[in-house]
Amino acid sequence: MNKISFDRNIGLAILFLGLFLASCGDKPKKDVGYDYESAAGFFAADESFHPILDEELEIFIKVFNRNLPHQDTLHARYMSEQDAIQMLLKNETWLAFTTRRLTDNERKSLQQRSFAPREMAIAYDGLAIIVNRQNPDSCISLNDFKRILRGEVTNWNQIYPQSRLGAVDVVFDNPQSSTVRFCVDSILDGQLINSENIGAVLKSAEVVDYVERTPNAIGIIGSNWLNDKRDTTNVTFKRNIRVMAVSRLDSATARNSYQPYQGYLYNGNYPLVRTIYAIINEPRTGAPTRFANFCRLPQGQQVIFRAALLPVTANLNVREVNVTK
C-alpha cells in the first residue's frame, strides 16, 4: 500500500473544500423527495469507528431481531466523516456517526426541508499516536506533536537528539477523515497541516500496517483500533506497534505523559479526547433511530466499555494503583 501525498496542494485542498462547502454552502434548497426505505437500510460512519460500530450492530441485530423484518435490515457503510455527513444532508441515509455536530448551515438546510435532525453523544475516544516498535521514544509533548503537524519538526532528532530514525514520516487514515479534522480544529486551532512528510492512506488498518513496517513512521488513529481483544482488562494495546504517551507539558516524561486508557480519558489526563456523535435525521422511527438509541442503552454502552472507549452514560469507578517490582 502506498501513502498518498498530503501536502497543501492536494490533501488539504480537498479537505477544506469539503468543509467549506458543508459549513458555508449555498442557500438551503427545497427537498426534492427521497427514498425512505433505501436510506433506512444502512448508516454512514467515519471509517475510524469500524471496530466499535460493527460490534454494536452485531449485538443490536441479535437483541432486536424480532422487531426487524429481516436480520440484515441495517447495514454499515464506512467512509470519510465528510462523506458521511454529505449522505445525511442528501437524504441518502438517516444516520451518521461523526466526531462533530452539524454546522448551523447544515442544520438550517435540513430544518428548512421539514426535517428535525438530532445529535446524541454515544462515546468518547482518544486520538492515538502510534510509532514503530523500533522507535525507542515512547513519550511526546502535545506541543511537539503540534510542531510536527505544522512542519516545524521534520526529523526525529529535532525532538529526541539521540534519535537516528531520520525523517518523521507521518501518516493519517484518510485526507477527509475525522482524525484530520480533529487535528486541524482542536490541535492546530484551524491552521493548515503543512509538511511534505505528512501523508494519508485510506483506512485505519492501513495506518497500523504502515507504521508496523516503517521504523521512522508516526501514525494517528482512533483508539478503538488499539484494543487487544485477548485482554479483557483493556490495559493491553496491539503488540505490533507502540502507543505513545502524550503530555500537556512542554517536556514529556514518563511521569507526566499518558496513553489513551479509559481512566485517563475519564479524568482528563490524556489531552487528545474527542466525542463520538450519532446524528439522526430519520422522518420516522425505524432501524436507524433504534440503533442510535441502542448505542446509548446499557447494552450498547457496555460494548463501548469493552472496546476500551469511554461510555457517556455508564458510572465508572477509577482507582489509582501503585505497582512495585
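Among all residues of region 123-143, there is at least one that is farther than 27 Å from Phe305 by Cα and in a helix (DSSP H, G or I). Against the numbered list (1) closer than 30 Å to Arg284 by Cβ; (2) assigned to a helix (DSSP H, G or I); (3) charged (D, E, K, R), Glu119 comes up short only at (2).
Here Glu106 meets each of (1) acidic (Asp, Glu); (2) over 17 Å from the mean Cα position of the chain (by Cα); (3) closer than 26 Å to Asp250 by Cα with one exception, condition (3).
What are the residues in region 45-65 that are surrounded by fewer than 22 Cβ atoms within 10 Å (Cβ to Cβ) and of a type in the set (D, E, K, R), if any? Within region 45-65, Asp54, Glu55, Glu58, Lys62 qualify. Taking the conditions exactly as written (at pLDDT 90 or above, open to solvent by 20 Å² or more (accessible area, probe 1.4 Å) and over 15 Å from the mean Cα position of the chain (by Cα)), does Arg306 satisfy them or not? No, not satisfied.
The values are calculated or read from the model by the stated rules, or taken from the named source; none is laboratory data. As the structure is a computational prediction, the values presented were derived from the model and not from experiment. As a convention, Cβ positions derive from the backbone with ideal geometry for all residues, glycine included, and neighbour counts pool all protein chains shown. Heads up: the accessible areas ignore ligands, DNA and RNA and are worked out on the full protein's heavy atoms, side chains in. Shrake-Rupley method; radii C 1.70, N 1.55, O 1.52, S 1.80 Å.
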